[in-house]
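Reading through the structure tokens given below for one structure.
What follows draws every value from the coordinates through simple rules; no lab data is involved. All figures in this text were calculated on a predicted structure; none of them were measured in a lab. Backbone-built Cβ (ideal geometry, glycine too); neighbour counts: all protein chains shown.
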Amino acid sequence: MTEESLTITDQEGRLDKVVAEAFTDYTRTQMSKWIDDGILTVNGETKKAKYKVHAGDVISFVVPEPVVLDIKPENLPLDIVYEDDDLLVVNKPQGMVVHPAAGHPNGTLVNALMYHTELSSINGVIRPGIVHRIDKDTSGLLMVAKNDQAHEALSADLKDKKNLRQYYALVHGEFSENKGTIKAPLGRSKTDRKKQAVIAGGRDAVTHFEVVKRYVGYTLLRVTLETGRTHQIRVHMAYIGHPVAGDPLYGPKKTLAGNGQFLHAATLGLTQPTTKKELTFEAPLPQYFVETLAQLQPYAEENN
């Protein structure tokens, strides 16, 4: 076990900020968790992260032993679009769960990733490496962190809305406008805990959309996320009366045949955490999506 300590001399400010600057071998997220868990103490006492340090304070902690992941690595197919020492970008197929949960202990993207590479530990034993998620029945691009430093950098960029995340969504109905923006706060539905909903006092959520192609009864949209709330595109589209085709949760029962919503994360832009190089990746529409579009009747030009 590693023991660490620091006696405050001229350092000033919040405890979490001071220790993050002093102990650079550990991530800011780790330090904050150790403060919250009482592992890191000041003068032998637990303090809150916002505690203001004073000269003479003795900060100490014992670095916890790393938790052994109890998820079994599985040799499952992975469509890896990009990989380096810090991260990888994977094209997730429709139907694959991102991480283990009740009812899905194996066969997930995390099981496959653990077989392929080392992953960051920030999200614990269930979601190692997962910086952001897409739903089981949404296909497309995800970025995955291999180490904690990369994870923190990628997560910070997400929080600061620096990533490009564009989707293709096939939705019900025909749009008269060519593009638009939906600004509607989201939170857990008060009537169905499985659902998210537009609610007063919810978290800010902004979705931009533009028409790619019109069909009779349907429209193919390119959707750009400004924020990344749970089910954001699906809820926002249903909210404006154009639910995503095939959506079993927010869409109508009479919809296109398939195995879930016709939603594909097609474009992902990110900043490489070490080199700071701007990277952009594309994933073409999966075959089931292409075949469905081919079966739809294009909207006549003179009706646009």
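Please figure out what share of the DSSP beta bridges in the chain is antiparallel and state it in percent, rounded to the nearest 5.
Expressed as a percentage, antiparallel bridges in the chain total about 95.
Roughly speaking, what is the centre-to-centre gap between segment 1-53 and segment 74-123 when only Cα atoms are used, to the nearest Å?
33 Å
Which value in deg cm²/dmol, rounded to the nearest 500, describes the helix-derived mean residue ellipticity at 222 nm for the chain, given -39,500 (n - 2.57) per DSSP H run of n ≥ 4 and division by the residue count?
-5000 deg cm²/dmol
How big is D for the chain, in µm² s⁻¹ as a whole number, if Stokes-Einstein is applied with the Kirkwood radius of its Cα pairs at 37 °C and 0.692 mPa s?
152 µm²/s
Report, by chain and number, residues whose modeled amide H sits under 5 Å from the one on Lys213, excluding near sequence neighbours (fewer than 5 apart, same chain).
Leu220
Where the centroid of each part is defined by its Cα atoms, how far is segment 249-288 from segment 176-199 in Å?
19 Å
Note the full-extension length gain between Val62 and Leu76 as 0.36 nm times their separation in residues minus their Cα-Cα distance, in nm to one decimal.
Between Val62 and Leu76, full extension yields 1.3 nm more.
Determine the dipole magnitude for segment 66-160: charges of +1 sit on the beta-carbon of Lys and Arg, -1 on that of Asp and Glu, nothing else is charged, the reference point is the Cα centre, and the result goes in debye to the nearest 20.
Taking the Cα centre of segment 66-160 as origin, the dipole is about 380 debye.
List the trypsin sites (Lys or Arg not before Pro) within segment 188-294 that fall in a DSSP loop (any state other than H, G, I, E or B) and whose Cβ has at most 16 other Cβ atoms within 10 Å.
For trypsin sites (Lys or Arg not before Pro) across segment 188-294 that sit outside H, G, I, E and B with at most 16 neighbouring Cβ atoms in 10 Å, the list reads Lys190, Arg193, Lys194, Lys195, Lys253, Lys254, Lys276, Lys277.
Within 10 Å of each candidate Cβ there may be at most 12 other Cβ atoms; applying that plus a DSSP loop requirement, which trypsin sites (Lys or Arg not before Pro) in segment 17-56 survive?
Those that pass, being in a loop and sparsely packed, are Lys48, Lys50.
Along the charge dipole of segment 216-304, pointing to its positive end and built from +1/-1 on Cβ of Lys, Arg, Asp and Glu, which listed residue (Gly260, Tyr218, Pro284) has its Cα farthest out?
Among Gly260, Tyr218, Pro284, the one farthest towards the positive end of the dipole of segment 216-304 is Gly260.
Mind checking which of Val81, Val98, Val171 has the largest fluctuation in a GNM of the chain, springs on alpha carbons under 10 Å?
In this elastic network of the chain, the residue with the biggest mean-square fluctuation among Val81, Val98, Val171 is Val81.
Using the Karplus equation 6.51 cos²θ - 1.76 cosθ + 1.60 (θ = phi - 60°), what ³J(HN,Hα) coupling, rounded to whole Hz, does each residue of segment 246-258 give in order, writing x for Gly and Pro?
Working through the residues one at a time gives x, 5, x, 9, 10, x, x, 5, 8, 8, 6, 5, x Hz.
Between Asp10 and Gln297, what is the label-point separation in nm under the 7 Å Cα-to-beta-carbon projection?
7.9 nm
Using the Cα centre of segment 161-304 as the reference point, and only Cβ charges (+1 on K/R, -1 on D/E), how large is the resulting charge dipole? Debye, rounded to the nearest 20.
820 debye
Among Leu88, Leu76, Leu142, which one shows the biggest mean-square fluctuation in a GNM of the chain, springs joining Cα atoms closer than 10 Å?
Top of the fluctuation ranking is Leu76.
Which is the longest stretch in the chain that no exposed loop site breaks, taking sites as GluC sites (Glu not before Pro) with a DSSP loop state and at most 13 other Cβ atoms within 10 Å?
Answer - 178-304.
How large is the charge dipole for the chain, taken about the Cα centre, if only the Cβ atoms of Lys, Arg (+1) and Asp, Glu (-1) carry charge, to the nearest 20 debye?
1380 debye
Select from Ala20, Ala145, Ala294 the residue whose mean-square fluctuation is largest in a Gaussian network model of the chain (Cα-Cα springs shorter than 10 Å).
Ala294
Around Ile122, which amide H atoms from residues at least 5 apart in sequence, or from another chain, sit under 5 Å from its own amide H, with H modelled in the peptide plane?
Answer set, sorted by chain and number: Gly129.
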